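Coordinate-derived values only; no laboratory data. In this text, all values refer to a predicted model and were calculated from it rather than measured experimentally. Cβ placement follows ideal geometry from the backbone for every residue including glycine, while neighbour counts extend to all protein chains displayed.
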Amino acid sequence: MRSFTLSTRLTLQLASLATALRLAQAQAGPMVFTIDSSQSQTTISGTLMYNTVYGKVSAPLSSQGPGSLTAAITGSINATVGLSTIQFTGSSQIDSVTNGTWQPAPGGAVGTMAAADYGPEVQANFGIFSVTGYAALRNVVLDIGSAALSVLDNQFPAGSLIFSFSTNSIGALDYADTVGEMGSSPLTGTLTNQGNASATLVTTGSVQKLTIPINATYVVASGNSSGTTLTFAGQIVAHAALPPPVIISLIVSNKIDILTVANATLQSQVYSSTDLKHWSLTAATATNGAGGIIFTTAAAVPWQFLRVKQ
């Protein structure tokens with residue numbers, strides 16, 4: 001049972017402890033959200049640009065084959081979650097899953113293939129010449145950071161999130177074409193996240209669900225493929241287990257017990273006991289409060305133990 005127990009007889013003696021717990025709970029706690037790959041994916045779009053002896057190729061991305069532009073996402077997200085705030089603290093691993101075998105192989109020529117996360121191609125015309133260019137994105141792992149963001153009605157602004165390529169896994173854009181051009185560009189630095197969509201943080205029972213829409217664009221800044229734009233659009237869904245509820249204050253007033261509980265939800269339940277062995281579900285009213293969920297229940301005479309279960 002994920003719960004915290006307190007006796008109403010101890011109210012006065014625990015006043016200082018309750019104050020200390022309030023201060024502790026005011027500081028947000030670190031959490032690791034595990035990404036659900038069955039609900040998380042991104043699709044790439046954009047423009048591939050590079051120089052050839054015939055001129056500059058600049059053409060929109062299309063698909064090398066079915067599903068080559070879409071990858072499932074796996075990994076984890078680090079965040080600090082408070083009562084009404086969330087901050088993404090970095091060192092996350094938002095990892096695109098390999099979706100097939102595409103041209104070219106790393107640094108290779110047309111006709112050579114290898115596993116990749118995304119496999120776009122482009123078509124470009126130079127007068128009577130037609131050029132087909134192939135690209136493969138490999139080891140695409142994103143990180144995410146932010147300032148502390150207010151969570152209001154389970155929502156916070158996705159546009160305030162900063163995506164970047166992970167420094168723990170250097171991704172690459174490998175490209176080659178039918179006139180002999182080839183090369184590779186590292187995927188490093190930050191992406192520009194666009195749109196006004198809201199991300200959500202929803203608590204159900206003892207689980208928090210994080211849903212983040214992503215619409216982030218990266219521009220290759222240097223090298224032969226300078227000017228190439230890659231936009232990753234989709235969503236990330238991740239889950240984390242809440243820590244056990246903590247009773248941070250208990251007030252007895254007019255034969256009513258008033259409990260403020262952190263890490264609880266409006267669906268959490270209050271149990272009572274007089275011997276710490278036998279517990280009964282107690283009728284309690286739950287409301288949102290500044291310090292957590294506030295439960296009110298009838299006080300027992302002469303005393304009772306109380307426990308909150310998520």
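Structure summary
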| read-out | value |
| --- | --- |
| Between the stretch 69-87 and the stretch 132-175, the Cα center-to-center distance that results, in Å | 11 |
| Mean separation of Cα contacts under 8 Å, 6 or more apart, over the residue count of the stretch 36-241: relative contact order % | 22 |
| ASN193 long-range amide H proximity, modeled H, under 5 Å | PHE163, THR217 |
| Neighbour-count ranking [beta-carbon atoms within 10 angstrom, fewest first] of LYS255, LYS56, LYS209 | LYS255, LYS56, LYS209 |
| Qualifying aspartates and glutamates (Cα of each under 20 Å from Cα of LYS209; at least 8 residues distant if same chain) | ASP36, ASP95, ASP143, ASP153 |
| Stretch gain in nm, segment THR188-LYS255, where the contour uses 0.36 nm per residue and the Cα spacing is subtracted | 17.9 nm |
| Nearest 10 degrees, 0 to 90: helix 15-26 Cα axis against the chain principal axis | 10 |
| Neighbour-count ranking [beta-carbon atoms within 10 angstrom, fewest first] of HIS278, HIS239 | HIS278, HIS239 |
| Correct choice for log10 I(q)/I(0) by the Debye sum over Cα atoms at q = 0.08, 0.11, 0.13 Å⁻¹ that was computed from the model, options [x] -0.35, -0.68, -0.97; [y] -0.50, -0.73, -0.88; [z] -0.45, -0.79, -1.01 | [y] |
| Using a Förster distance of 51 Å, the FRET efficiency for SER280-SER84 (Cβ separation, nearest 0.05) | 0.95 |
| Ranking of VAL207, VAL122 by count of other Cβ atoms within 10 Å, fewest first | VAL207, VAL122 |
| Phi-based couplings in Hz for the stretch 116-126 (Karplus 6.51, -1.76, 1.60; Gly and Pro marked x) | 8, 7, 9, x, x, 9, 9, 10, 9, 10, 10 |
